[in-house]
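Report on the following structure.
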Number of protein chains: 2
Amino acid sequence: MRPLYLQVRDALAERIAKGEWKPGAAIANEGDLAREFGVSSGTMRKALDLLEGQHLVTRRQGRGTFVNDQSSEDLVLRFTNIRAPNGDRLEGEVRSPKITEGAANGAECARLCLAPGDKVYRIGRIRQKDNKPFMFEGACLPAALFPGLKEKSTLTHSIVSLAQKYGILLGKAEERISVGTTSPDVAAALSMAPGIPVTVLDRVVRAIDGRPVEWRVAWCDLADNHYVALMA
Amino acid sequence: MRPLYLQVRDALAERIAKGEWKPGAAIANEGDLAREFGVSSGTMRKALDLLEGQHLVTRRQGRGTFVNDQSSEDLVLRFTNIRAPNGDRLEGEVRSPKITEGAANGAECARLCLAPGDKVYRIGRIRQKDNKPFMFEGACLPAALFPGLKEKSTLTHSIVSLAQKYGILLGKAEERISVGTTSPDVAAALSMAPGIPVTVLDRVVRAIDGRPVEWRVAWCDLADNHYVALMA
DNA sequence: AAGTGGTCTAGACCACTCA
DNA sequence: GAGTGGTCTAGACCACTTG
């Protein structure tokens, strides 16, 4: 039997994913929730602790428990590890975004755990700071998770807030960092010469249940900026 | 008042740090420990949960709670984010290690939170795999934390097991990744030409209480290998 | 003063491991 | 079957925030 506190956590998470509880709203207190679900307050507490660890709620003593807004700056920048010289996370502004739809190729199937023939959306964009491009990125998302993404004009450029719009709760991500050389496209996008070494960031973002949600490869020039990784 | 479970956790951690409980040994069961400390089993449990999250103990249902051996492969490689092409963490073999002692310079004082004049040990080493050097690193450690390190022949090349020997419990680390060019020394160590772009890993490892324990700067060639960062 | 989350208790019972 | 950690309960009391 699956532990009760996990079942309760998942039930609560689903309410948040479905928008039944809106971002920023307060949810009922522990006691009431416990009664509603027919569990003890200790069990409900453990479930809420887990939700907080997953960045889904914030609890403040004396005030209450609140649903997190995934489009808040802190959460949006959660997977943005590039930092400006001053140490701030560097999102930059997006230039010339492009989106296309198509069948996933071999690499995409492998990285996103898709079956051959599954549809994906591919997004290309350039990020710049002070009119100076520092990153060219290509993202690939399973079309099944983001129905109608191409047609929507709501295109946000953060996988975090995008996932919130589509009711997907994000979990962990892993990023592979290596060194490559500028292909002609990348060189053009970053105003560099072709064949120059650049840093390649290869990232997979997963949903709370482990399913891959986005595969992104970014080419960037780390001359001015740097990358920060934390280890627990 | 500091929560009881934190006080208990610290008391248990100290026993481990001091070697009162040896790595690999089983410790008393929750009930006995709770009685010994005069707390409820729930509180003792919470303290043990925290210790497990800090990689200090491992608990196995039906068997008991065991003190972790920090020199076990999993824990030693905790801060080793360079990976071989096959995905394994790449520690490599150490070649031509050198250790010196001296007063910390400005940068070292800043990164290690030392006062001017405090002594440090500086260790230089080359790491290679299959006789091919891939990383040149310079580490700097506060001498106060590692008394007599220079004289000891026990020089291990992992900060994790070294800390265990000196009764220091490690907590988090952060690594800054940027791109630099090979200085003459680095070029020689890595058998590369000078002035070539290399990846620079700048890492600070902290103790459980947040004090910096090691500042390491590593220059490496990511042509064959790559770096992996995880995001929660 | 009322309401919230945070701590703490003192159990019971379950799931697992091992002799 | 004995012993362990894992789950779950049903409270009490504390610390904090707000009206």
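Just so it is clear, none of the values below were taken in a lab; they were calculated from the coordinates. Given the structure is predicted, the values throughout are model-derived calculations rather than measurements. As a convention, Cβ positions derive from the backbone with ideal geometry for all residues, glycine included, and neighbour counts pool all protein chains shown.
State the answer as a single residue: which of A:MET231, B:ASN105, B:VAL57 lies farthest towards the positive end of the charge dipole of the protein assembly as shown, with beta carbon charges of +1 for Lys and Arg and -1 for Asp and Glu, about the Cα centre. Sorting the options by dipole projection puts first B:VAL57.
When the pairs B:LYS46/B:LYS165; A:LYS98/A:LYS132; A:LYS98/A:LYS119; A:LYS22/A:LYS172; A:LYS22/A:LYS152; A:LYS98/A:LYS165 are compared against a 24 Å limit on Cα-Cα distance, B:LYS46/B:LYS165 fall above it. Counting from the shortest, the label point at A:GLY87, 7 Å from Cα toward Cβ, is 3.6 nm from the same position in each remaining copy.
Computed from label points 7 Å out along Cα-Cβ, the spacing between B:ALA103 and A:LYS129 is 3.6 nm. Of the DSSP H helices in chain A, those that are both long (alpha-carbon extent of 15 Å or more along the helix axis) and hydrophobic (Kyte-Doolittle mean at least -1.0) are A:4-17, A:41-53. Note on chain A: helix-only mean residue ellipticity at 222 nm, from DSSP H runs of 4+ residues weighted -39500 (n - 2.57) and normalised by residue number, equals -7000 deg cm²/dmol. A convex hull fitted to the Cα coordinates of chain B yields 158 cubic angstrom per residue. Computed from label points 7 Å out along Cα-Cβ, the spacing between B:ASP185 and A:LYS165 is 5.1 nm. Within the straight-line cut-off of under 17 Å between alpha carbons, the aspartates and glutamates reachable from A:LYS150 are A:GLU101, A:ASP118, A:GLU214, sequence neighbours fewer than 8 places apart in one chain being disregarded. For the range A:4-58 and the range A:130-150, what is the centre-to-centre distance using only Cα atoms, to the nearest Å? The two parts, judged by their Cα centres, are 32 Å apart.
What separates the B:GLY210 label point from its copies, with the point 7 Å along Cα to Cβ, is 3.5 nm, written shortest first. One Cα centroid belongs to the range A:68-107, the other to the range A:167-216; the line between them spans 10 Å.
In this Cβ point-charge picture (+1 for Lys and Arg, -1 for Asp and Glu), the range A:73-227 has a dipole of about 220 debye about its Cα centre. Put a dot 7 Å past the Cα of A:ARG63, heading toward its Cβ, do the same for B:MET1, and the two dots end up 2.6 nm apart.
Note on A:GLU73 and B:GLU36: with the Förster distance fixed at 45 Å, the Cβ-Cβ geometry gives a FRET efficiency of about 0.45. Work from the charge dipole of chain A (Cβ charges, +1 for Lys and Arg, -1 for Asp and Glu, about the Cα centre) and give the residue of A:SER191, A:VAL160, A:GLN128 farthest towards its positive end. Among A:SER191, A:VAL160, A:GLN128, the one farthest towards the positive end of the dipole of chain A is A:VAL160. Taking the Cα centre of the range B:24-94 as reference, the dipole from Cβ charges on Lys and Arg (+1) and Asp and Glu (-1) amounts to some 300 debye. Extension gain for B:ARG95-B:GLU20 works out to 23.6 nm (0.36 nm per residue, less the C-alpha to C-alpha distance). Here B:LYS172 yields copy-to-copy label distances, from shortest upward, of 1.7 nm, the label point defined as 7 Å from Cα along Cα to C-beta.
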